[in-house]
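In what follows, a single structure is set out as structure tokens and then discussed.
Read-outs throughout are calculated quantities, based only on the coordinates presented, and are distinct from any laboratory measurement. Since the model is a prediction, treat every value here as computed from it, not as a measurement. For neighbour counting, all protein chains shown are included, and Cβ atoms are generated from backbone atoms with ideal geometry for every residue, glycine included.
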Amino acid sequence: MKFVRNSLIAGSISILLLACSDDDPKNTSDASLTWRTCTEAPELQCATLRVPMDYSNNDDSESISIGLTRLSATDPNSNEALLLNPGGPGSSGNMLLELFSELQSVPESIRAKYDLIGFDPRGVGDSTPVNCNDLGFESIDEYLVDQSAIDEYLQEVDDLYQRCAEVHGDYLLYLGSANVVRDMESIRQALNVEKMNFIGYSYGTRLAALYLTMYPEHSGRIVLDASLSPDSDVQMLASGQMMAMQRNVEALLGDCTRLDPLCDPMQLLTQLTSRVDQLYAEGNEQELELLGELLILGVEDPDFGSLLLGPLLAYLENYDAQALQDFLQLLEQQDGTDDLDEHNVAAQIAIACADDDTRPDAAALGDRLTQFNQQSDLFAEVFISVAGLCSVWPPALEPLELISTRTAPTALVIGGTSDASTPIE
């Protein structure tokens, strides 16, 4: 059930704000870039950069490709570049740049000053992609109600990893954020610019923070929008996101008096939670996914939540899913943009587990499920699957320490306590 995995990335870019080490991968990439017109987006230029799979073993490492796109600055005298990453992990920076170009949403002051550069992180899209979704990664049951379900889930994830590793081998272990940041430094060198300017959204803020830490001397204007915690612990991140979503759904239902002065928000929350449990018990996966998708959208975007409230209250009156279906169809008709989160689930897991060295066993996850249920009876069964993503993954080769630095230049960090995806606690 895709109850949590997918999330929308906010539309409008915040780059107006830009207008106002031993890890140096020198000589490890093919520094020459040959730009050509992109086939599917002729307003952009495309290029490919070769980099080592394993930067610690440059001489013997096989190389991988990093796919790049460029929207050239309108000022021909410009010599600065602005790199973009939309988050995920596992989302495409090339798709983000294509979207910005189509919508013409970048202010002219930025268009004149910077070459806008998109890139797909290693393992994603045009960058030597990991492709194991057809092995069953997208069909894993993510709603774990008890210890038996947890045990079955871990066995399923382990089986899928083994099959994926048969295709991609050790490459799955080299997709972590530190290597992506080294790729970013290789991109800077290939672009022949002194400073890297960068905007990272959500997970992209981890890349921004790491770049500031690893390459402070080459860090230019850096924006961290929807900043992720500096701690890479997947269990901690799952808990924080779950509690933020719980707060947001309570706030959403608390606004019911706007439509019905006599409504009881806590009763509605109890009713909603009971309905989710009932749908799962009945095996009504279609309605469960529909309700889950809309709830996730509603708690991630307050403006969307205010529109969802009416159809949601109508649904809770008689459990007629047609009200939700009609609302979703209306939304899809009005949404003319592509979803940037065309997630490669295997790559997502590989990235997260390359950064985090914790590997909770089934018993620990059972205890964690009890804790999660005390924090959110509505979302606990979903987020325990997130907390257990790395349980059966091989040990991390380069797990991240708590990200911190005193040598980096000033950067802009944007976040909010009500952000359900990357809450600031």
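Peptides 256-268, 282-294 ordered by packing proxy, namely the average of other Cβ atoms within 10 Å per residue, highest first: 282-294, 256-268. Treating each Cα of the chain as an identical point scatterer and summing with the Debye formula, the log10 of I(q)/I(0) at q = 0.06, 0.11, 0.13, 0.14 Å⁻¹ comes to -0.26, -0.86, -1.17, -1.33. Sorting 95-101, 50-56 by their mean Cβ neighbour count within 10 Å, with the most densely packed peptide first, gives 95-101, 50-56.
Of all beta bridges that DSSP places with both ends in the chain, some 45 percent have antiparallel geometry. With +1 on each Lys and Arg Cβ and -1 on each Asp and Glu Cβ, how big is the dipole of region 186-256 about its Cα centre, in debye rounded to the nearest 20? Dipole of region 186-256, to the nearest 20 debye: 240 debye. Of Leu82, Ala178, Asn94, which is farthest along the charge dipole of the chain in the positive direction, counting Lys and Arg as +1 and Asp and Glu as -1 at C-beta? Result: Leu82. Take the Cα of Arg50, step 7 Å toward its Cβ, do the same at Gln162, and the gap between the two points is 3.6 nm.
Placing unit charges on the Cβ atoms of the charged side chains and taking the dipole of the chain about its Cα centre, the candidate lying farthest along the positive direction among Ser148, Ile199, Thr407 is Thr407.
Each peptide among 67-79, 220-232 gets the average number of other Cβ atoms lying within 10 Å of its residues, and from highest to lowest they stand as 220-232, 67-79. For region 293-312, list residues with backbone N below 19 Å from a point placed 7 Å from the Cα of Asp264 toward its Cβ? It comes to no residues whatsoever. Ordered by the number of other Cβ atoms lying within 10 Å of each residue's own Cβ, fewest first, Lys113, Lys195 fall into the sequence Lys195, Lys113.
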